[in-house]
Amino acid sequence: MKVKAGVLERANVFGIKEVDIPDPGPDEILVKTKAVGICGSDVHYYVEGRIGPYIVNEPLILGHETSGEVAKVGKNVTHLKEGDRVALEPGVPCGCTDFVKQGLYNLCPSIKFFATPPIHGTFAEYFVHDANFAFKLPDNVSFEEGAMCEPLSVGIHAARQGSIGLGSRVLITGAGPIGLVNTLTARAAGAGVVIVVETHKNRSTMAKECGATHIIESFDKTQILDQVMQITGGAGVDVVIECSGAGSAAQVAVETLKPGGTLVFVGLFSALEVPMDLNAITQKELTYKGVFRYRNTYPTAIDLISSGSINVKPLITKRFGWQNVKDAMDCAHKEASTQIKVMTEWN
């Protein structure tokens, strides 16, 4: 089957090409693409041709924040039918490994993730996907909202890693798209105080709309610590969710946490070594956890959107038709400080 797709040939060489899409296997579905959001990883591949060890050595279809309509089902698929509206979880493990058995499938080395070389993504008119990682959308959840289940899943996983609950006091460093979905999920989980650190005015404004109770418009360690202690009466916060990738934010996180608190790392750091006060971590009995994508989050994401507990619509700040997917990528790259989520719309 020949379809049009957004293909990255090498760094900064990206455009619409015609590609072959296979028929779905017994446990797969053929999906007609409806909405695909642009992630920072798509932009990194576009501009640099790689992310760490993942290198674009051959043409790659980008895109992984996706919703669509089931066009065809494999012979073993019984929970979906042609015409169903679905959100697609982009990471699929291969086989029943120990990680899968333990429910930690996102950590499985075998996982195949959309638009991570050499696995093609979803900037295409149609694509094939494992039916077990396709989730039906209620009638009141749009295709765009379905695509937003992917970034929202990061926030859900981070909230779970931090055990955020009723009355939690949370500090979120960075209010890009991921910092904002973490703001949404922290409030939905019951956090009473959500402090967001962000220096860009439009993002700090959006953080307030997403439920932030306080904004700190500085990444200066002293200012962050002083304001957090003022807000919390000197007690500190229960959870820090680090989304900025800034070394200074990681360092001050240890100081802002109250004893017994939890530090959750979501953002990736440009510097592989970040100085931290290890003695403070020990003496305060802090817990620190990483977030690598997510696991078992899509049903929750759909329920939160469907029920109205979370509204992801304001995060979508610009839209492009699929024929203009290169313009959408350029927008996400060049207007990163003003745009939150750039969405591509497919037929």
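Per-structure values
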| item | result |
| --- | --- |
| Gain upon complete extension [Glu82, His44; 0.36 nm per residue less C-alpha separation] | 10.2 nm |
| Accessible surface of segment 156-265, 1.4 Å probe, proportion on carbon and sulfur as whole % | 48 |
| Farthest toward positive dipole pole in the chain [+1 Lys/Arg, -1 Asp/Glu at C-beta], among Met276, Leu104, Ser204 | Ser204 |
| Where the chain is the region considered: accessible area per residue in Å², 1.4 Å probe | 43 |
| Under-5 Å amide H pairs with Glu65, H placed in peptide plane, nonlocal only | Gly37 |
| Under 19 Å from the Cα of Lys289 - aspartates and glutamates, other chains or at least 8 residues apart | Asp238, Glu242, Glu255, Glu273, Asp277 |
| Placed amide H near Thr262: partners under 5 Å, 5+ positions off or other chain | Val239, Val240, Thr287 |
| Segment 295-339: radius of gyration over Cα atoms, expressed as a fraction of 2.2 N^0.38 Å | 1.52 |
| 3J(HN,Hα) from dihedral phi, segment 282-297, Karplus parametrisation 6.51/-1.76/1.60, rounded to Hz, x for glycine, proline | 5, 5, 8, 6, 7, 10, 10, 9, x, 10, 10, 6, 5, 8, 6, 10 |
| Segment 243-259 - phi-based ³J(HN,Hα) in whole Hz, Karplus 6.51/-1.76/1.60, Gly and Pro as x | 10, 8, x, 8, x, 5, 5, 5, 5, 6, 4, 4, 6, 7, 6, 6, x |
| Which listed pairs, of Lys4/Lys318; Lys75/Lys101; Lys2/Lys318; Lys81/Lys136; Lys34/Lys341, have C-alpha distances above 19 Å, in listed order | Lys4/Lys318; Lys75/Lys101; Lys2/Lys318 |
| Quarter of Cα convex hull surface for the chain, i.e. mean projection, nm² | 16.8 |
| Three-way shape label, segment 123-281, alpha-carbon gyration tensor, a/c 1.5 | prolate |
| Rounded percent of accessible protein surface that carbon and sulfur make up, segment 270-347, 1.4 Å probe | 48 |
| Amide H contacts of Asp84 (H built 1.01 Å from N, under 5 Å, at least 5 apart or other chain) | Val70 |
| Relative contact order of segment 1-56, pairs being alpha-carbon contacts under 8 Å that are 6 or more residues apart, as % | 35 |
| Extension gain from Ser270 to Asp139, taking 0.36 nm per residue of separation minus the Cα-Cα distance | 43.0 nm |
| Whole-Å distance, taken between Cα centres, linking segment 274-347 and segment 178-230 | 15 |
| Assigned charges on the beta-carbon of Lys, Arg, Asp, Glu; the chain dipole about Cα centre (debye) | 280 |
| Segment 312-320 - phi-based ³J(HN,Hα) in whole Hz, Karplus 6.51/-1.76/1.60, Gly and Pro as x | 8, 4, x, 6, 7, 9, 7, 10, 9 |
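The values are calculated or read from the model by the stated rules, or taken from the named source; none is laboratory data. Nothing here was measured: the structure is a model prediction, and the numbers come from that model. No Cβ is skipped: glycine too gets one built from the backbone with ideal geometry, and neighbour counts run over all protein chains shown. The protein model used for the area step is the full one, side chains on, heavy atoms only, and it has no ligands, DNA or RNA in it. Shrake-Rupley method; radii C 1.70, N 1.55, O 1.52, S 1.80 Å.
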